[in-house]
Amino acid sequence: MPNWPCHMRAWIIWIVAAIFYAYEFFLRISPTVLTAELMRDFGISAAAVGTLSAFYYYAYASMQIPVGIMLDRYGIRRLLVFAAILVAIGSILFSFTGSLWVANLGRVFMGVGSAFSFVGCIKLATNWFPANRLAIVIGLTNMLGVFGAIGGEAPLSYFVATFGWRHTLFIAGIIGALLALLIQLIVRDSPPETGCDPIVSLSKEGEPPLLEGLKLILKSKATWLAAIYGCLLVAPIAAFTELWSVPFLMSVDNLTKFEASLVSSIVFMGIAAGGPIIGFLSGYFGTRKLFMWLGTIVAFITMMCIIFIANLAMWQLSILLFSFGFATSNMLLIFTINVEQNPHWVSGVVIGFTNMVVMFGGAIFQPLVGLLLDWQNSPTFLTTHTHSAHEFQLALVVLPCCQLVALGLLTMMRETLGQENSISDGR
């Protein structure tokens with residue numbers, strides 16, 4: 001019989017960590033409803049807004065491997081508390097400043113602190129849950145995380161319109177400080193030695209140094225392929241949904257800002273639903289590549305329809321955006337794949353490395369789309385600060401190209417279900 005007190009404790013600890021992931025996700029995508037305000041208040045171009053938003057990704061991605069090493073070495077709770085405080089400081093700093101470089105610094109603080117959220121949550125899951133539940137827990141983690149993304153769309157648009165973007169982000173910073181206190185009180189790194197049976201042995205006696213594990217990961221073609229595949233699938237989410245979707249939908253489909261924010265958040269609803277469902281089905285049917293193939297093809301088709309079919313009705317956009325998010329959530333399988341093909345003692349570094357590569361999708365493509373928009377600058381932009389539908393379509397065409405390249409990578413990836421530690425033979 002399962003130890004129900006420990007079982008419930010594991011879920012409570014996971015929920016608190018996942019709430020932090022949802023909180024940082026809210027702040028991550030907040031620029032998507034602030035593009036006009038940021039361009040106006042800081043006097044910057046679309047490319048500069050893309051770069052300002054991407055500073056989060058630069059910090060987030062660059063911290064993933066150090067975060068993984070620190071989580072494996074120094075424990076999870078204390079680092080999550082520090083991370084939540086750092087994100088809160090970044091939000092408050094961003095809300096007060098009138099200087100672009102200070103705003104960039106605020107986004108860096110948010111990115112550095114947020115770097116601990118997803119990796120820390122999954123690291124807790126590997127300590128508290130059995131291995132056969134990991135894919136489902138990763139899907140549920142992402143589902144709860146994207147609730148924060150949903151809050152960063154239409155609800156944030158409402159609060160910004162009511163209270164102003166500066167007051168809204170200041171309040172968000174206060175919430176982050178309270179969340180740090182909650183993590184300190186509830187989260188524990190692993191099951192205790194008595195009363196709960198640890199899921200895995202956490203002893204590190206006889207294990208190689210973590211840097212040695214990192215070298216093995218970096219030499220693994222299979223690990224790189226899975227991570228780059230995830231990066232290419234995340235690029236449309238990061239560049240479109242997390243930054244440019246609201247002004248795009250206002251221009252191409254003639255929606256109001258609130259309507260665009262509302263319908264854009266449906267992408268995250270699709271991701272929230274798809275993560276656990278695809279995770280369960282992949283385990284039930286004993287295949288991951290099949291769902292990765294189907295998901296990538298559907299994501300490509302829906303992305304093309306969203307970009308190039310103008311003046312869609314709200315219900316049509318809702319179906320396309322939900323399908324796009326649901327299909328793209330198959331990329332979460334790469335975390336399970338890379339955890340399975342690497343030893344458990346280096347799981348934090350594996351998750352961190354994978355997440356680092358994945359997050360470069362946002363770091364590269366958010367400013368790239370902004371640059372492509374500025375390159376096409378029409379004369380009317382100087383007075384309206386809005387881009388035409390044609391300009392958006394040409395700039396965003398790079399995103400379905402990412403999905404096509406991801407399909408190409410799938411042909412080189414092996415089915416890894418049940419194949420543990422394949423890294424040891426160089427695969």
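Quick notes on this structure:
Per-residue answers, yes or no, for (1) under 30 Å from Leu255 (Cβ atoms); (2) of a type outside the set (Gly, Ala, Ser); (3) surrounded by 15 or more Cβ atoms within 10 Å (Cβ to Cβ); (4) in contact (Cβ under 8 Å) with a residue 24 or more places away in the chain:
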| position | (1), (2), (3), (4) |
| --- | --- |
| Phe285 | no, yes, no, no |
| Trp293 | no, yes, yes, yes |
| Val298 | yes, yes, yes, yes |
| Ile307 | yes, yes, yes, yes |
| Leu321 | yes, yes, yes, yes |
| Leu332 | yes, yes, yes, yes |
| Asn338 | no, yes, yes, yes |
| Asn342 | no, yes, yes, yes |
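- Complete set of residues in segment 309-353 that are modelled with pLDDT of 90 or more and polar (S, T, N, Q): Asn311, Gln316, Ser318, Ser323, Thr328, Ser329, Asn330
- Sole exception among (1) part of a helix (DSSP H, G or I); (2) out of contact with any Cys (no Cβ under 7 Å at 6 or more places or on another chain) for Asn311, by number: (1)
- Residue in segment 112-129 that is within 18 Å of the chain's Cα centre (by Cα), more than 21 Å from Ser347 (Cα to Cα) and in a helix (DSSP H, G or I) present: no
- Residues satisfying the stated conditions in segment 279-302, i.e. in a helix (DSSP H, G or I) and small (Gly, Ala, Ser): Gly279, Ser282, Gly283, Gly295, Ala299
- Annotation note: Cβ proximity below 6 Å between a residue of segment 107-120 that is within 15 Å of Ser30 (Cα to Cα) and a residue that is in a helix (DSSP H, G or I) and among the hydroxyl-bearing types (Ser, Thr, Tyr) (sequence gap 6+ or interchain) occurs for Arg107/Tyr56; Met110/Tyr56; Gly111/Tyr56; Gly111/Tyr60; Ser114/Tyr60.
- Residues that are within 21 Å of the chain's Cα centre (by Cα) and over 23 Å from Lys257 (Cβ atoms), drawn from segment 303-326: Ser323, Phe326
- Test: residue in segment 87-110 that is of a type outside the set (Phe, Trp, Tyr), within 24 Å of Leu181 (Cβ to Cβ) and in contact with a His (Cβ under 9 Å, 6 or more places away or on another chain): yes
- So Thr223, is it polar (S, T, N, Q), part of a helix (DSSP H, G or I), more than 22 Å from Val49 (Cβ to Cβ) and in contact (Cβ under 8 Å) with a residue 60 or more places away in the chain: yes
- The condition (being of a type in the set (Val, Ile, Thr) and within 15 Å of the chain's Cα centre (by Cα)) is satisfied by just one residue among Ile19, Ile13, Ile65, Ile44: Ile19.
- When segment 1-50 is filtered for residues that are aliphatic (A, V, I, L, M), without any contact (Cβ under 8 Å) to a residue 60 or more places away in the chain and more than 16 Å from Gly370 (Cβ to Cβ), the ones remaining, listed by number, are Met1, Met8.
- Residue within segment 156-174 that is small (Gly, Ala, Ser), out of contact with any His (no Cβ under 9 Å at 6 or more places or on another chain), surrounded by 15 or more Cβ atoms within 10 Å (Cβ to Cβ) and modelled with pLDDT of 90 or more present: yes
- Annotation: Ala18 fulfils all but one of (1) modelled with pLDDT of 85 or more; (2) under 21 Å from Gly361 (Cα atoms); (3) of a type outside the set (Asp, Glu); the unmet one is (2).
- Breaking point among (1) out of contact with any Pro (no Cβ under 9 Å at 6 or more places or on another chain); (2) assigned to a helix (DSSP H, G or I), for Glu242: (1)
- Helices (runs of 4 or more DSSP H) lying entirely in segment 1-105 (those with 2 or more residues that are buried (at least 24 other Cβ atoms within 10 Å of the Cβ)): 4-29, 46-74, 77-96
- Residue that is farthest from Leu27 (Cα to Cα) [pool: residues in segment 232-261 that are of a type in the set (Ser, Thr, Tyr) and either in contact (Cβ under 8 Å) with a residue 24 or more places away in the chain or buried (at least 24 other Cβ atoms within 10 Å of the Cβ) (or both)]: Ser251
The values are calculated or read from the model by the stated rules, or taken from the named source; none is laboratory data. Predicted model, so just to flag it, every value in this text is computed and none were measured. All Cβ positions, glycine included, derive from the backbone under ideal geometry; neighbour counts span all protein chains shown.
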